[in-house]
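As structure tokens, the structure follows; a few thoughts come after it.
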Amino acid sequence: MTDAGMRPGQSPTEGTVPSRLAATADRHGDRPAYSDRTADGWRTLTWGQVRERALETAAGFAALGLEAGDVVALMMSNRSEHVLADLGAVHAGGVPTTVYATLAPDQVAFVAGDCAARFAVLEGRDQLDRWLPALERLPALRKVVVLDEAACPDGERFLTWAALTALGRERLAADAAGTAARAAAVKPGDTATLLYTSGTTGDPKGVRITHSMVLHEAALLEGASVLPEHNVGISYLPFAHIADRVLSYYLPVTRAAHIHFCPDPAQLTTVLREVRPHGFFGVPRVWEKIMAGIQAVLAAEPDEAKKAAVQGALEAGRAYVAGQEYGGALSPEAAAAFERADAAVLTPMRALLGLDRVVQASSAAAPLPEDVARFFAGLGLKIFDAYGMTETTGAITANLDDAFKLGTVGRAFPGVDLALAEDGEILVRGATCTPGYLNRPQATAELIDEDGWVHTGDVGVLDEDGFLRVVDRKKEIIITAGGENIAPSLVENHLKEHPLIGQALAYGDRRPYVVALITLDGEVAPVWAAAHGVDTTDLAALAEHPAVLEEVGAAVRDANRRLARVQQVKRWRLLPAEWTAESEELTPTLKLRRRVVHAKYTDAIEGLYRG
């Protein structure tokens with residue numbers, strides 16, 4: 001596959017983000033780059049326009065006094081201005097950092113203070129409400145740029161996005177050479193972005209990611225890609241998360257892809273059907289929710305003949321994908337059965353979801369439960385799980401179209417060293433690994449040993465073919481009072497197989513047995529209730545309804561049947577509300593914040609051990 005954004009003779013890992021964007025704009029300036037959804041359709045920027053506006057934004061930052069190395073903090077939804085602000089900062093020699101939009105004012109103050117942010121670009125009122133209480137604690141912050149003109153406060157410290165870009169156009173017209181010189185001065189070893197960890201184990205840490213790391217990661221993904229040239233994609237995960245930053249920003253700049261923004265994840269299903277992307281990335285919880293929705297619809301189908309036809313098609317899909325797994329063999333009969341099922345049932349089902357053009361589906365951030373992967377295999381979708389972290393610029397292992405095993409996170413990319421420590425911790429070494437954390441020499445020393453190995457904090461197992469399975473976070477392994485080691489995610493994933501269950505937390509460290517806190521899926525539960533004659537859609541009421549409690553109890557018993565005795569959930573409690581990033585039980589990428597759940601629900605957990 002060719003690299004659309006490279007000049008002839010250029011290595012795929014050479015250069016910087018500005019130089020790669022310049023090459024893409026030169027070769028594919030008229031191709032669509034980024035589209036924002038509007039009331040009557042989509043508003044699209046071409047790659048030529050993206051570079052032009054990036055230079056204007058860079059000139060605007062320079063006019064405001066940005067100096068090389070200054071940090072620009074961004075808090076915006078997924079939209080073209082987010083990318084343009086980031087590119088503008090980079091082209092001016094600055095360091096952009098996207099701040100999770102769910103952070104409270106104290107957390108904003110910590111992150112912005114830790115990196116000594118000189119500028120901030122915010123979307124509107126919600127973001128201002130998170131930053132204004134922190135401003136007095138941020139003396140280094142010189143200017144706050146606000147996209148929403150109506151929300152922009154008065155005062156010398158504030159200006160609108162329109163004012164910034166107007167200032168940039170004026171500066172660029174007067175001194176285009178100066179702006180170009182700033183972009184040309186950026187070096188491969190300079191920091192392309194500073195991304196803060198989600199803080200599941202303490203205060204967030206700023207991970208330094210260089211231009212060289214970014215382009216190496218893009219080259220690894222390009223080598224693994226089966227996407228068509230200039231593929232169409234959707235951006236809906238936070239740009240503070242390495243996955244969407246790579247897939248919707250750095251990789252598109254490299255290959256001149258066309259990205260559509262979905263700023264509200266609640267609208268994802270609608271946008272999927274409109275855009276019909278060639279590739280789709282979802283963290284496990286996204287795939288789980290799509291699966292739960294399909295299962296709820298199928299369960300409510302009154303036509304038994306139609307239901308049986310769908311189940312038969314799903315079986316054909318699972319057999320088709322299983323036959324292609326590494327070490328397997330796809331029989332002509334299985335291939336023919338899938339072809340018939342795909343034409344009659346599966347393609348229309350994927351079309352209803354907006355996934356009918358997907359040739360590359362992927363997942364990361366946490367291991368994708370195998371039952372979820374097998375479910376989508378039934379639809380004819382191979383979800384290729386990958387493994388990586390912010391500190392490795394994203395994926396360093398992946399399942400590939402010609403070498404995959406569902407239930408694993410694949411094999412290491414070429415040029416990536418992967419090893420397991422004596423205790424099973426996954427160790428990584430390679431060109432995409434960070435040089436360290438900002439202002440955290442001790443944490444950096446704990447992350448990277450003297451031989452250059454990054455200690456991921458995850459426990460894994462390598463099989464005889466080199467495929468990696470991630471067991472759990474090293475610090476989250478439960479050690480029971482009897483000395484048994486239990487991976488909580490294994491228990492939780494079995495529980496979440498039932499579509500009614502949205503989230504689950506297994507607990508049992510230094511305790512005699514495992515207990516669980518469980519929440520309902522807010523979208524599936526009302527549908528299930530209606531189908532089973534329950535006359536309420538309120539989650540709190542459903543959490544106390546006998547029919548719901550009986551069904552969740554059955555789900556727990558089913559999970560226990562597939563777990564070893566020491567792993568089984570002895571007691572559980574169904575909670576009255578969902579866990580979300582806003583209520584802080586989940587990270588912005590929908591992973592459990594175990595410490596938060598433990599602290600908020602101490603009484604509930606203790607009650608499960610009191611009898």
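The numbers here are math on the coordinates, done by the rules we state, and not lab data. Since we're looking at a predicted model, the values are computed, not measured. All Cβ positions, glycine included, derive from the backbone under ideal geometry; neighbour counts span all protein chains shown.
What value, in deg cm²/dmol to 500, does the helix sum -39500 (n - 2.57) over DSSP H runs of n ≥ 4 give at 222 nm once divided by the residues of the chain?
Helix contribution divided over all residues of the chain: -11000 deg cm²/dmol.
Expected output is a single nm value to one decimal: the length gained when fully extending between A68 and A176, i.e. 0.36 nm times separation in residues minus the C-alpha distance. What is it?
Contour length minus Cα-Cα distance gives 37.1 nm.
With point charges of +1 on the Cβ of Lys and Arg and -1 on the Cβ of Asp and Glu, referenced to the Cα centre of the chain, which listed residue (A62, T193, G223) lies farthest in the positive direction of the dipole?
A62
To the nearest 10 degrees, how steeply does helix 17-28 sit against the main Cα axis of the chain, on a 0 to 90 scale?
It works out to around 90 degrees.
Hey, what did region 265-362 get for relative contact order, percent, Cα under 8 Å, at least 6 apart?
53
Rounded to the nearest 0.05, what FRET efficiency do Q311 and A547 have when you use their Cβ-Cβ distance and R0 = 30 Å?
Rounded to the nearest 0.05, the efficiency is 0.75.
Taking the highest mean first, how do the peptides 359-368, 134-143, 428-437 order by number of other beta carbon atoms within 10 angstrom per residue?
Per-residue mean Cβ counts within 10 Å order the peptides as 359-368, 428-437, 134-143.
From the phi of every residue in region 132-145, what ³J(HN,Hα) in whole Hz does the Karplus formula 6.51 cos²θ - 1.76 cosθ + 1.60 yield, where θ is phi - 60° and glycine or proline is x?
4, x, 9, 4, 5, 9, 10, x, 6, 6, 8, 9, 10, 9
Put +1 on the Cβ of each Lys and Arg and -1 on the Cβ of each Asp and Glu in the chain; which of G466, V596, A300 then has its Cα farthest toward the positive end of the dipole?
Going by the Cα projections, it comes out as V596.
Figure the gain on full extension for A344 and D603 (residue separation times 0.36 nm, minus the Cα-Cα span) and round it to one decimal in nm.
Result for the pair: 88.0 nm of gain on full extension.
Treating the beta-carbon of each Lys and Arg as +1 and of each Asp and Glu as -1, no other charges, what is the dipole magnitude of the chain about its Cα centre, to the nearest 20 debye?
The calculated dipole for the chain is roughly 300 debye.
Extending each Cα 7 Å along its Cβ direction at A531 and R31, get the distance between those two points in nm, one decimal.
If labels sit at A531 and R31, their model points lie 4.3 nm apart.
Based on Cα positions only, what radius of gyration and what Dmax would you give for the chain, in angstroms?
Rg then Dmax for the chain, in Å: 24.6, 76.
In nm, to one decimal, how far is the W42 label point from the A322 one, both placed 7 Å along Cα→Cβ?
The two pseudo-label positions are separated by 3.8 nm.
Using the alpha-carbon atoms, what tilt in degrees (0 to 90, nearest 10) does helix 304-322 show relative to the longest principal axis of the chain?
Helix 304-322 sits at roughly 60 degrees to that axis.
Of the DSSP beta bridges with both residues in region 477-609, give the percent that are antiparallel, rounding to the nearest 5.
Counting only bridges with both partners in region 477-609, antiparallel ones make up about 65 percent.
Using only Cα atoms and rounding to the nearest 10 degrees, what angle (0 to 90) does helix 332-341 make with the longest principal axis of the chain?
80
Determine which lysines satisfy two conditions relative to K382: a Cα distance under 28 Å, and not lying fewer than 8 residues away in the same chain.
Candidates past the 8-residue exclusion: K289, K306, K307, K405, K496, K591.
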